[in-house]
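Here's the structure, in structure tokens; my notes come after.
Rule-based calculations on the coordinates, nothing more; no lab input. These numbers come from a predicted model, not from an experiment. Counting neighbours? That spans all protein chains shown, and the Cβs are built from the backbone with ideal geometry, glycine included.
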Amino acid sequence: MPMCIVNTNRKSEDIPDDFEAKLAEKVASVLNKPLSAMQVIVNSGVRMYRKESAAPACIMQLYSIDVFDEQRNPTYTPPLLDFLKTQLRLGENRTVVHYIPAQRFMFGQ
């Protein structure tokens with residue numbers, strides 16, 4: 001049940017209409033999780049400051065069960081950063097992915 005929470009200072013109108021669906025597909029593919037389990041939340045227009053600048057940026061918190069560790073996380077990072085950078089039209093070093101391991105009991109539905 002991966003959950004992506006994207007915070008960006010990009011305005012909503014500057015984010016592609018299909019961004020959430022494409023991000024769900026990308027994360028499902030990268031983490032080898034079913035697309036039907038994906039959840040995406042996008043918070044746009046957030047006031048942000050990163051690397052001594054308020055230029056367009058993005059921080060994605062990524063929660064998932066049984067996939068995050070020291071060996072695998074570095075393989076996830078490049079495709080996720082590339083996707084976010086391209087889709088949100090961000091410069092270099094303007095994106096962070098925060099991997100947050102979760103356990104099944106932490107989700108209720």
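Extension gain for ARG50-LEU35 works out to 2.3 nm (0.36 nm per residue, less the C-alpha to C-alpha distance).
Every pair of different Cα atoms in the chain enters the Kirkwood calculation, which places the hydrodynamic radius at 14.3 Å. Principal-axis analysis of the Cα atoms of the chain puts helix 19-31 at an angle of about 50° to the longest axis. Charge dipole of the chain (Cα centre as origin; +1 on each Lys and Arg Cβ, -1 on each Asp and Glu Cβ, all else neutral): 200 debye, rounded to the nearest 20. Compared with the direct C-alpha span, the chain from ILE5 to PHE107 gains 35.2 nm at full extension, assuming 0.36 nm per residue. Each residue, ASN43 and ASP18, gets one label point 7 Å from its Cα in the Cβ direction; the gap between the two is 2.8 nm.
With the simple model of a label 7 Å out from the Cα in the direction of the Cβ, THR75 to HIS98 spans 2.6 nm.
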